[in-house]
């Protein structure tokens with residue numbers, strides 16, 4: 001039986017991992033690996049300026065032959081990401097994901113990033129028996145794979 005969550009704060013992953021806009025893609029990738037995550041916020045101070053995923057690094061930089069040591073996080077991230085608040089209703093977050101075709105949304109409260117909500121977070125709470133929920137709950141192995 002699915003647990004229904006009312007607000008983003010009930011499903012989000014609290015805390016954020018961020019890099020500076022001028023951080024290299026290598027720095028961002030190493031941070032993702034050490035934290036066992038597939039995305040980081042790109043933040044200028046406390047201001048969220050983008051979301052950088054492992055896929056962004058692969059498709060927007062490495063596949064084009066760019067040097068990940070010299071390319072900045074800001075140059076390949078998704079700029080001006082769609083944001084949600086922790087007190088926004090879960091259906092509103094789902095609607096934003098659908099409308100903007102994104103898999104994750106930074107959660108911002110009083111202008112400060114406080115977490116992320118992903119499709120996996122939503123599946124884990126709202127459809128715990130789904131394949132996406134099971135994959136999202138799995139602990140990555142030492143190589144960063146599930």
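The values are calculated or read from the model by the stated rules, or taken from the named source; none is laboratory data. Everything numeric here is computed off the predicted structure, so don't read it as measured data. Don't worry about glycine lacking a Cβ; one is built from the backbone with ideal geometry, like all the others, and counts go over all protein chains shown.
Note on the stretch 94-112: among residues that are crowded, with 17+ Cβ neighbours inside 10 Å and modelled with pLDDT of 95 or more, the one that is nearest to residue 10 (Cα to Cα) is 107.
From the list 42, 26, the one residue that fits, being surrounded by fewer than 17 Cβ atoms within 10 Å (Cβ to Cβ) and either in contact (Cβ under 8 Å) with a residue 24 or more places away in the chain or not in a helix (DSSP H, G or I) (or both), is 26.
Residues of the stretch 67-88 being more than 26 Å from residue 99 (Cβ to Cβ) and either at pLDDT below 95 or loosely packed, with under 12 Cβ neighbours inside 10 Å (or both), which ones? Write out each step before concluding.
The first filter runs over the stretch 67-88 and keeps only residues more than 26 Å from residue 99 (Cβ to Cβ), leaving 67-72.
Answer for the stretch 67-88, where residues must be more than 26 Å from residue 99 (Cβ to Cβ) and either at pLDDT below 95 or loosely packed, with under 12 Cβ neighbours inside 10 Å (or both): 67, 69, 70.
All conditions in (1) without any contact (Cβ under 8 Å) to a residue 60 or more places away in the chain; (2) part of a helix (DSSP H, G or I) hold for residue 33, with the sole exception of (1). Inspect the stretch 56-66 for any residue being touching a residue at least 12 places away in the same chain (Cβ under 8 Å), within 19 Å of residue 119 (Cα to Cα), loosely packed, with under 14 Cβ neighbours inside 10 Å and within 17 Å of the chain's Cα centre (by Cα) and give the result as yes or no. Within the stretch 56-66, not a single residue is touching a residue at least 12 places away in the same chain (Cβ under 8 Å), within 19 Å of residue 119 (Cα to Cα), loosely packed, with under 14 Cβ neighbours inside 10 Å and within 17 Å of the chain's Cα centre (by Cα). The set of residues from the stretch 18-42 being more than 18 Å from residue 119 (Cα to Cα) and modelled with pLDDT under 95 comprises just one member, 35.
Residue-level analysis places residue 50 among those that are outside any helix (DSSP H, G or I), more than 21 Å from residue 10 (Cα to Cα) and at pLDDT 90 or above. On inspection, residue 141 does not qualify as at pLDDT below 90 and either surrounded by 15 or more Cβ atoms within 10 Å (Cβ to Cβ) or under 15 Å from residue 13 (Cα atoms) (or both).
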